[in-house]
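Report on the structure given below.
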Amino acid sequence: MRVQNSLKNIFFGLSGQFISMIMGFIVRTVFIYTLGIEYLGIEGLFTSILIMLSLANLGFDTAMIYSLYKPIAEEDKYKIQALMNLYKKAYRIIAIVVLIIGLSLIPFLPYITDGATTISNINIIYILFLLNSVSSYYFVYKHSIIIADQRNHIISKIHSMFIFISNLIQITLLLIGLNYILILSTQIICRIVENGYIAHKANLLYPYLKGKNNATLTCNEKKMFFENLYALLLYKISGVVINGTDNLIISMFVGIAAVGIYSNYFLIIATLTTFLSYLFYSITASIGNLIVQEDDEKKYFIFRVLNFANFWIYGFCAVCLWNIINPFITLWLGENYLFDKFIVFAIILNFYTAGMQDATTAFRDASGLFKKGKYRPIIAAIINIVASIILAKIIGIAGVFLGTVFSRICTYFWYDPYIIFKFVFKKSVKTYFIRYTCYSLLVVICIALIEGLTILIYPEPINSIIIRVLCSLIIPNILFLMLFKKTDEFKYLFNILRTLILRFKYWQLARDV
């Protein structure tokens, strides 16, 4: 059942992300040609500010989902009601906090944008971004029970539908020349309707959540929950600082136009990251169920499988990005929207090192190891800010991303695997780092092979695009297959894939009959 639920979540999640990706590129293209690079920079900057404000979430989502694993498995409806009551009250407070803090930042907007923007009504645009973020908090607590119950595919289907509708409306409004403020207003309406519909769906799936009830947690249960929440707050601070300050630092030290250029790379990287992270996010609830019910050896084997899949997916994507991202942006928008190879290297290194944490993060969250090394995320955040600013002054935009990589290597890279191996698997973590090193070397070898072949066969950049695409698709996958086809991890994943194909063929046969 865990595998089936995970596959459902992955299928619908990836389908939704694919729709979002296609629509996102269409919207971005129309956006650039109708409004220009400066509006793009403002959108990227305000999005980063709201990522910072999401700190008010305090990690409630992760803490709640983890807390729901056991009562859902045991069908303890009273405990579920009590947790959901707590979550509802918390998110009402969070919405107010985010709104107040967000409004208090308005006087500082000229300093954040370096005063170098010609866009009018910038305060109104910012307020609309803020309202779009705040509106989601009213209903979002209902998402948690669906996710914890391994039914995230339901949310994915609804989200895909609303993303398509919202983006279609946005494209239409851009093409007919309506102003940016009206476009943002329609996004807010779509967001409210989507979250309201998901909350309605949760009420239908779990009728005992409807109406008022007096279910409450015991003092001991509240204590444990808030201890986990405090540790998650520190993780949240670190994650927000590490992922949300790049555009702010670029804006302050380089300029809004650079933020606009980076936003195109960010769209590609973020879309791909969201798409891939969803693979691991979709199975986190199943991992939580696994940890509750299975022995240490089974947990360790599944971790090895996920870590292997983590490498294959992110290694392959890093190879593709290095070889294709600049040629793609050239064809899409033109050479004026390109960064040089060194900056691209820093962006892709940041993508790869962050992505390779997915398996360990999924196990850490599902295991509830929030309190172990709880002050480490704060150290990571401090290192990130200091290193990014120093390196940005020395080497420019690339330094922002290299500072992020440096902070991650100093903290999450080694500590997350350490606590998982010590407290979940009860094994030495040495094998994990050996595998990580070998995996990364293989990625570098693939990049070098493709780079060499492309220069040798087609030295002209335009003619080399097709060769780069073909080599990026073929070489890493063939090399990985040759090296790992006899491993237990590959055999396990291959059997799952074969089962999926057989089921699909059976479904087609049954439909034809």
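Looking at this structure, is residue 351 part of a loop (DSSP other than H, G, I, E, B) and either farther than 18 Å from residue 408 by Cα or touching a residue at least 60 places away in the same chain (Cβ under 8 Å) (or both)? No: the conditions fail for residue 351.
For (1) over 17 Å from residue 196 (Cβ atoms); (2) of a type in the set (A, V, I, L, M, F, W, C), each residue gets a yes or a no:
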site	(1), (2)
92	no, no
121	yes, no
133	no, no
164	yes, yes
169	yes, yes
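Within region 294-316, residues that are within 24 Å of residue 473 (Cβ to Cβ) have Cβ atoms under 9 Å from residues that are of a type in the set (Lys, Arg) and surrounded by fewer than 21 Cβ atoms within 10 Å (Cβ to Cβ) in these pairs: 307/435; 308/435; 311/435, counting only partners at least 6 apart in sequence or on another chain. Among the conditions (1) buried (at least 16 other Cβ atoms within 10 Å of the Cβ); (2) under 30 Å from residue 260 (Cα atoms); (3) at pLDDT 80 or above, the only one that residue 71 does not satisfy is (2).
When region 448-467 is filtered for residues that are open to solvent by less than 40 Å² (accessible area, probe 1.4 Å) and modelled with pLDDT of 85 or more, only 450 remains.
Only a single item in (1) closer than 30 Å to residue 227 by Cβ; (2) modelled with pLDDT of 90 or more is not met by residue 311, and it is number (1).
In the set (1) modelled with pLDDT under 85; (2) within 19 Å of the chain's Cα centre (by Cα), residue 374 fails one condition alone, (2).
With the structure loaded, tell me whether residue 359 is over 19 Å from residue 247 (Cβ atoms), at pLDDT below 80 and open to solvent by less than 10 Å² (accessible area, probe 1.4 Å) or whether it fails that test. Here the answer is no, as residue 359 does not meet what is asked. The residues in region 247-260 that are open to solvent by 20 Å² or more (accessible area, probe 1.4 Å) and more than 21 Å from the chain's Cα centre (by Cα) can be counted, and the count is 4. Residue 470 - would you say it is in contact with a Cys (Cβ under 9 Å, 6 or more places away or on another chain) and either open to solvent by 60 Å² or more (accessible area, probe 1.4 Å) or closer than 17 Å to residue 305 by Cα (or both)? No; evaluated as a whole, the condition is false for this residue. Do you know which of the residues in region 373-393 that are closer than 20 Å to residue 348 by Cβ and without any contact (Cβ under 8 Å) to a residue 24 or more places away in the chain is most open to solvent (accessible area, probe 1.4 Å)? Result: 391. Scanning region 404-434 for residues that are in a helix (DSSP H, G or I), surrounded by fewer than 16 Cβ atoms within 10 Å (Cβ to Cβ) and touching a residue at least 12 places away in the same chain (Cβ under 8 Å) yields 409, 414, 423, 433.
Looking at the structure I just gave you, is residue 52 open to solvent by 30 Å² or more (accessible area, probe 1.4 Å), at pLDDT below 75, of a type outside the set (Ser, Thr, Tyr) and in a helix (DSSP H, G or I)? Quick ask: steps written out before the conclusion?
On the way: open to solvent by 30 Å² or more (accessible area, probe 1.4 Å): yes; at pLDDT below 75: yes; of a type outside the set (Ser, Thr, Tyr): yes; in a helix (DSSP H, G or I): yes.
Yes.
The values are calculated or read from the model by the stated rules, or taken from the named source; none is laboratory data. It should be emphasised that the depicted structure is a prediction, and the values quoted were computed from it without experimental measurement. FYI the Cβ positions are ideal-geometry reconstructions off the backbone, even for glycines, and counts take in every protein chain you see. Quick note on the areas: whole protein, heavy atoms, side chains included, nothing else; ligands and nucleic acids left out. Shrake-Rupley method; radii C 1.70, N 1.55, O 1.52, S 1.80 Å.
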